[in-house]
Amino acid sequence: MTKEGTRNAADMLARITIIFLLLLPLQASAAETWGPWSVSDDAPVMVTKTDRMTAPVPADLTARPVPGVAATPFLWLLSFYQKTIGPVVSGRCPMYPTCSQYSVDSIHKHGPFIGIVMTADRMMHEGDEQKDAPLVRVGGRYRYYDPVKNNDFWWYHE
Amino acid sequence: MVLFLLFLVCRAAYGAEMPAEKMMGFADSLFAQGDYYRAITEYERVLYHNAAGPLAKQARFQIANCYFKGDRLDQALERFRAMNREYANEETGRKAYYMIGEVYYQKRDYSRAIDVYTQFIESYPGDEQVDAARIRIGWAYLRQGKWREASEEFRKLPPDSPLHVQAEGLAEGSETYPGIPTKSPALAGGLSAILPGAGQLYVNRPGDALVSFLLNGAFIWATVEAFHHDNNVTGGILLFFESGWYLGNIYNAVNGANKYNRRMEKQFLDGVQDKYSVSYLYDGHGGSMVAFTMRF
């Protein structure tokens, strides 16, 4: 295979991988639409209300928009942090989603500029937020639930 | 002989179909337990065996009700709409229309809920749920912060209505809405723009204030020092980070003010709800009842 052919094949593979990765969240949200459920703890059907609270999926992220070019470097950095440094230090984060995931979510939702400002806000309000935020059980421990929609409700409407 | 007897037993068991009423009773029992997912299956069973029977309409209504009670609001909306279209001139269609308003209310789409309830009152002025619809309209206005409209709506209940006393109480409660304590988001943001952390102190978030003050103070100091010592690249990098902290500090103060206002409004609404409690109950046959309690 020529150099040109190799490059084209690599290019094609990269495109397919990106499309596959972009479609993953859609598949996940489709799977959420039906399945055994119950809102009564007295009559659980495999998934109880408590289970649902264990890993809440923020509604504003189920149909996540594709990030723009400007957001990509920030998302790469955050992805790098989550894969390398995060596993070592994220266990200490008392919030859900964690600050790095919150940053990813806010950049996806509002773009890099507002996303970064909201991330700075999140890092400042962790302490006082714990007085009011509801607790959710995630990964075997309780964390304070503070999704993006809790901090943009006064200017952003779905 | 044994085979023949087995055949008879099996045939008898096969032939003993459960009557529709019993199936419905079982489905209602699951519904009463709050097991809406399995109740839907049982109501579907009633429909499958008695599609043209007298219980079919009730089963369909209950399926929609299961989705509603089970917090599957989009599916509930779809079902109630279909029932309203199909039985437009019957009681079931009327009840389904009322329930469309309930679904919008639960979805917190208060404008649409008001539209549906208003249309319901205009279309069916003699219906027993008209007063309940008016109460709901009042609440929908109140949740939007439109306390004058809410009060007007509560006062529209006629004196002979069993809900009149509670509606008067709700009207009076609505009129105290302007007394809810608030913090100005603009002032909070302005204070933090002048001195990082000041806006957070104004909105009663001392922890945020301290973090904001220290972070911004440290980064501003480091940036100034870097430029002062001709470390322009370091200074530029620090300035980039400080810009994020500074804007985040202003956002934090404005966000804190809005959260404070939301919390105060929720406390107020919970207080009114608690004092003039209105419970919307649904029986197992698609009918609704309104229950009131008053606390002094």
> Within the set of pairs 6 or more residues apart or between chains, which connect a residue that is more than 8 Å from chain A (Cβ to nearest Cβ) inside the stretch B:187-213 to a residue that is among the β-branched types (V, I, T) and surrounded by fewer than 19 Cβ atoms within 10 Å (Cβ to Cβ) with Cβ atoms less than 9 Å apart?
Replying inline: B:P196/B:I220
> Restricting attention to the stretch A:139-158, which residues are within 13 Å of chain B (Cβ to nearest Cβ), in contact (Cβ under 8 Å) with a residue 60 or more places away in the chain and in contact with a Pro (Cβ under 8 Å, 6 or more places away or on another chain)?
Replying inline: A:V148, A:K149
> Pick from B:I121, B:I100, B:I114: which is in contact with a Leu (Cβ under 8 Å, 6 or more places away or on another chain) and either free of Cβ contacts under 8 Å to residues at least 24 places away in the same chain or assigned to a helix (DSSP H, G or I) (or both)?
Replying inline: B:I100
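Results for (1) touching a His at 6+ places or on another chain (Cβ under 8 Å); (2) over 24 Å from B:D109 (Cβ atoms); (3) outside any helix (DSSP H, G or I), shown as yes or no for each residue.
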residue	(1), (2), (3)
B:E149	no, no, no
B:D160	no, yes, yes
B:V165	no, yes, no
B:E172	no, yes, no
B:P178	no, yes, no
B:T182	no, yes, yes
> Which one is nearest to A:E126 (Cα to Cα) among residues in the stretch B:184-203 that are part of a loop (DSSP other than H, G, I, E, B) and over 28 Å from the mean Cα position of the chain (by Cα)?
Replying inline: B:G197
>> If the requirement is being charged (D, E, K, R) and within 14 Å of another protein chain (Cβ to nearest Cβ), which of these qualifies: B:K183, B:K156, B:K146?
In response: B:K183
> Can you find even one residue in the stretch A:127-138 that is part of a loop (DSSP other than H, G, I, E, B), surrounded by fewer than 16 Cβ atoms within 10 Å (Cβ to Cβ) and away from chain B (no Cβ under 11 Å)?
Replying inline: yes
> Which condition number does B:R94 fail, the rest of (1) assigned to a helix (DSSP H, G or I); (2) out of contact with any Phe, Trp or Tyr (no Cβ under 7 Å at 6 or more places or on another chain); (3) away from every other protein chain (no Cβ under 14 Å) being met?
Replying inline: (2)
> Among the residues of the stretch A:45-90, which ones are at pLDDT 80 or above and within 12 Å of the chain's Cα centre (by Cα)?
Replying inline: A:L75, A:L78, A:S79, A:Q82
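The values are calculated or read from the model by the stated rules, or taken from the named source; none is laboratory data. None of the values given here were measured: they were computed from a predicted structure. Counting neighbours? That spans all protein chains shown, and the Cβs are built from the backbone with ideal geometry, glycine included.
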